[in-house]
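To keep things clear, I will list the structure first and then write my remarks on it.
A short reminder: the numbers here are calculations on the coordinates, not readings from a lab. Just so we're clear, the structure is a prediction, and the values are computed from it rather than from any experiment. So basically every Cβ, Gly included, is an ideal-geometry build from the backbone, and we count neighbours across all protein chains shown.
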Amino acid sequence: HSADAFRTDLMTITRFVLNEQSKYPESRGDFTILLSHIVLGCKFVCSAVNKAGLAKLIGLAGETNVQASCQGEEQKKLDVLSNEVFVKALVSSGRTVTQIFLQCILVSEEDEEATFVESSLRGRYCVVFDPLDGSSNIDCGVSIGTIFGIYTVKDDGEPALDDVLQPGKNMVAAGYCMYGSSCTLVISTGGGVNGFTLDPSLGEFILTHPDIKIPKKGKIYSVNEGNAKNWDGPTAKYVEKCKFPKDGSSPKSLRYIGSMVADVHRTLLYGGIFLYPADKKSPNGKLRVLYEVFPMSFLMEQAGGQAFTGKQRALDLLPTNIHERSPIFLGSYDDVEEIIALYAAEEST
Ligand code: P6P
């Protein structure tokens, strides 16, 4: 093997984040500590998800674990388990590492109400996260993921919900961890997008996708065609154009996994567009603003793509409640531009 066959200057996510931090000499390292606890949560969930299938298998091997036998019952536990891991990792991070306290508000898809960290442990970051997005797909082995976004609190006063009810453009970081054939963590702290792959033998996330840039235009559209009956005009027109282009170009391919992290990861790397539009049944679409739409839109813009709600730039949206939903069109810059033009045309009629 030539020397370069074995990369020796392994860039781990910890080193990478420390390098980032060194650009802000005044920073006290809070952010680095916060990220390191999110990374810890991802490692734990990765290990638990990989065992989920085996846990079911073991359950079937005669153990009378009544939960394992109810279809999907095991998976619900995984949702709750993942949520508990992230909440504990995030809250405890203030105590376990130094007296620097990091978060004051946590919003999780699993918890109806926001979690306000007790004042003695309080920090200046708010973390919004979906601990296990797409978890209904675990049974069939489809990739699922954790999605997160980080805000700083507006001021040092008593934290309140409006510390997290901020437009996505105010996020200081966002990312996702995909639990698939490999465990991949994709993150941006505002200076571009980088992807890290977990090396289980080292227990470290290694930089494998430096400075990800999404292709300006793609050949894939990603939407649940089963909702076509309920789509509005511009969405229907756009999808029709993908399938029957009028300009003699080839039709786009349809790729829809039904697990947002997997669909977005493919879109980020291969290009194209991911759509979860509004429809007559769900006028605000299905995906949640704070911990699905905003983090993925933040990453797309950082990678040179864009994200649109059907009415405005997704990151400009001001959420009014923590579990609010929004339609979303995100991906390659030129592809989303076409949707923007179709909605603008409808506006002007
Ligand atoms: P549908 C999974 O349940 C999820 O929240 C996202 O991960 C995914 O993009 C979407 O819902 C799929 O929704 O309606 O197409 O099954």
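Y238 - would you say it is in a loop (DSSP other than H, G, I, E, B) and either within 29 Å of V186 (Cβ to Cβ) or more than 9 Å from the ligand (Cβ to nearest atom) (or both)? Walk me through how you get there before you give the answer.
On the way: in a loop (DSSP other than H, G, I, E, B): no; either within 29 Å of V186 (Cβ to Cβ) or more than 9 Å from the ligand (Cβ to nearest atom) (or both): yes.
No; evaluated as a whole, the condition is false for this residue.
Here's the yes/no breakdown for (1) free of Cβ contacts under 8 Å to residues at least 60 places away in the same chain; (2) closer than 16 Å to D263 by Cβ:
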site: C177; (1), (2): no, yes
site: G180; (1), (2): no, yes
site: D211; (1), (2): yes, no
site: N224; (1), (2): yes, yes
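Just checking, which of F196, F298, F205 is of a type in the set (A, V, I, L, M, F, W, C), under 14 Å from Y176 (Cα atoms), more than 11 Å from the ligand (Cβ to nearest atom) and part of a helix (DSSP H, G or I)?
F298
Can we say K217 is more than 10 Å from the ligand (Cβ to nearest atom) and in contact with a helix residue (DSSP H, G or I) (Cβ under 6 Å, 6 or more places away or on another chain)?
yes
Among the numbered criteria (1) closer than 25 Å to N170 by Cα; (2) in contact with a Gly (Cβ under 8 Å, 6 or more places away or on another chain); (3) hydroxyl-bearing (S, T, Y), which single criterion is violated by Y270?
Here Y270 meets the rest and fails (1).
Check E240, E292 and return the single one that is among the charged types (D, E, K, R) and either in contact (Cβ under 8 Å) with a residue 12 or more places away in the chain or closer than 13 Å to P327 by Cα (or both). So that I can check it myself, show each step before the final result.
Details: E240 fails: either in contact (Cβ under 8 Å) with a residue 12 or more places away in the chain or closer than 13 Å to P327 by Cα (or both).
Being among the charged types (D, E, K, R) and either in contact (Cβ under 8 Å) with a residue 12 or more places away in the chain or closer than 13 Å to P327 by Cα (or both) holds for just one of E240, E292, which is E292.
Just wondering, is there one or more residues in segment 256-276 that are away from the ligand (no atom under 15 Å from the Cβ) and part of a strand (DSSP E or B)? Step through it out loud before you land on a result.
Start the filter on segment 256-276 by keeping residues that are away from the ligand (no atom under 15 Å from the Cβ), which leaves 269-271.
Retained after the next criterion (residues that are part of a strand (DSSP E or B)): none.
No, segment 256-276 contains no residue that is away from the ligand (no atom under 15 Å from the Cβ) and part of a strand (DSSP E or B).
In the list K281, K286, which residue meets the criterion of being within 12 Å of the ligand (Cβ to nearest atom), basic (K, R), part of a loop (DSSP other than H, G, I, E, B) and under 24 Å from I138 (Cβ atoms)?
Details: K281 fails: under 24 Å from I138 (Cβ atoms).
The conditions single out K286.
I'd like the full set of residues that are of a type outside the set (A, V, I, L, M) and within 21 Å of the chain's Cα centre (by Cα), limited to segment 217-242.
So the first thing to find is which residues in segment 217-242 are of a type outside the set (A, V, I, L, M), and the list is 217-219, 221-222, 224-227, 229-235, 237-238, 240-242.
Correct list: G218, Y221, S222, N224.
Under the condition of being among the β-branched types (V, I, T) and away from the ligand (no atom under 16 Å from the Cβ), which residue from segment 124-175 is nearest to S47 (Cα to Cα)? Give the derivation first.
First, the residues of segment 124-175 that are among the β-branched types (V, I, T): 127-128, 138, 142, 144, 146-147, 150, 152-153, 164, 172.
If we keep only those that are away from the ligand (no atom under 16 Å from the Cβ) too, we end up with 127, 150, 152-153, 164, 172.
Numbers: V127: 22, I150: 24, T152: 30, V153: 32, V164: 30, V172: 28 Å.
Filtering segment 124-175 for residues that are among the β-branched types (V, I, T) and away from the ligand (no atom under 16 Å from the Cβ), the one nearest to S47 (Cα to Cα) comes out as V127.
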